[in-house]
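For reference, the structure is listed below as structure tokens.
Values quoted throughout were computed directly from the atomic coordinates according to the rules given, and no laboratory measurement underlies them. The model shown is predicted, which means the values in this text are computed figures rather than measured ones. Ideal geometry is used to build each Cβ from the backbone, glycine not excepted, and the neighbour counts take in all protein chains shown.
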Protein chains: 2
Amino acid sequence: MLVEDTLAHTLAQRGYKLTQPRRAVLKVLAAAGATLTPAEIHRRARSHCLHTGLVTVYRTLDLLTACGAIRKVHHADGCHAYALASGGHAHHVICECCQSVVEFDNCDLGTLLAAVQRRTGYQISGHWLELFGLCPNCRP
Amino acid sequence: MLVEDTLAHTLAQRGYKLTQPRRAVLKVLAAAGATLTPAEIHRRARSHCLHTGLVTVYRTLDLLTACGAIRKVHHADGCHAYALASGGHAHHVICECCQSVVEFDNCDLGTLLAAVQRRTGYQISGHWLELFGLCPNCRP
DNA sequence: GTATTTGCAAAATGTTTGCAGCTGC
DNA sequence: GCAGCTGCAAACATTTTGCAAATAC
């Protein structure tokens, strides 16, 4: 598993261990290819690692987010979902029907940012963009 | 007060009443010019309407959001803040230091959306963009 | 006058912490 | 072997619900 190998390496570099629950959480998100809530991740993780506790899921999500392996995404209603992140600066397109996600990285906002900066006087240092729509499978 | 008159009208149109607590919540957000959490809005609202309860604040925030008078914004950590919305499609630039917000509406994402749509096969129907930075007052 | 709204208390939900025992390296 | 990790229970924070009294129109 490529994703797992990368993770093992990343964790080891920082002095962390690749444990069964951590492996399970990553597997779940990789297999889903969709955004999942902590509760749903917990439910699914138990099929890989039987006694995984919800608390561990929360702690693992924080850790994996810090490592850049996953990313928190915000839905319109709640904002408590996570998706696999392939690394580097990227954004997500999320299917409003099945929650499947795809990343894209060519966010060419240079012109827009410059215009906003000029008009508002704010020195812009970061942005956060999410797209919503229907994936090929959910299209009418 | 222009903001209030508009609100009174919008509410009346839908069969809602303009009550003291609702007025207070709107005043607080208008005066702050920044994003505020429900708890902070509650705290400040009491100076306008003494016995405003936290529950009412929550209900009012939902109502005002439905009316388009305010908008929920998501910060990096939590996502439980609200800001005044001037109506129509718009996005916010948020100061990472003092939380002040400014709206902008010229979000020209046409080219970007078309490219993502072509590459991912998703039919994109909405987007959500927030910018972060430092406002003129907080700049070094 | 009446339907809507409020505030309180209490419930439900979601997240974090403390700590003894277990696991990966 | 030992630092780091886990799971449980329990604390904590946040949001929602039920209902009698109050309010706007």
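Note that the range B:128-140 has calculated 3J(HN,Hα) couplings of 9, 10, 9, 10, 10, x, 10, 6, x, 5, 9, 5, x Hz, one per residue in order, obtained from phi through the Karplus relation 6.51 cos²θ - 1.76 cosθ + 1.60 (θ = phi - 60°); glycine and proline are x. For A:Lys72, a cut-off of 25 angstrom between C-alpha atoms picks up these lysines, skipping any fewer than 8 places away in its own chain: A:Lys17, A:Lys27, B:Lys72. Across all Cα atoms of the range A:1-46, the radius of gyration (one decimal) and Dmax (whole number) stand at 11.0, 29 Å. Put in order of Cβ neighbour count within 10 Å, fewest first, the listed residues B:Leu26, A:Leu134 become A:Leu134, B:Leu26.
Within the shell defined by Cβ-Cβ distances under 11 Å, the residues around B:Glu4 carry a net charge of +2, with Lys and Arg each +1 and Asp and Glu each -1. For the protein assembly as shown, the spread of Cα coordinates along the three principal axes comes to 62, 50, 43 Å, biggest extent given first. Between identical copies, the spacing of B:Arg119 label points, each set 7 Å from Cα toward the C-beta atom, reads 2.5 nm from nearest to farthest. Distances between placed amide hydrogens fall under 5 Å for A:Ala81 paired with A:Val73, A:His75, all partners being 5 or more residues away or on another chain. Using alpha carbons only, the radius of gyration of the range A:13-140 set against its Kirkwood radius gives Rg/Rh = 1.04. In the assembly of identical copies, A:Leu63 has its label point, taken 7 Å from Cα in the direction of the beta carbon, separated from the corresponding points by 4.7 nm (ascending, one decimal). In terms of the mean number of neighbouring beta-carbon atoms within 10 Å, the peptides A:56-65, B:8-17 order highest first as A:56-65, B:8-17. Using a 7 Å projection from Cα along Cα-to-Cβ, the label point at B:Pro38 is separated from the same position in the remaining copies by 1.7 nm, smallest value first.
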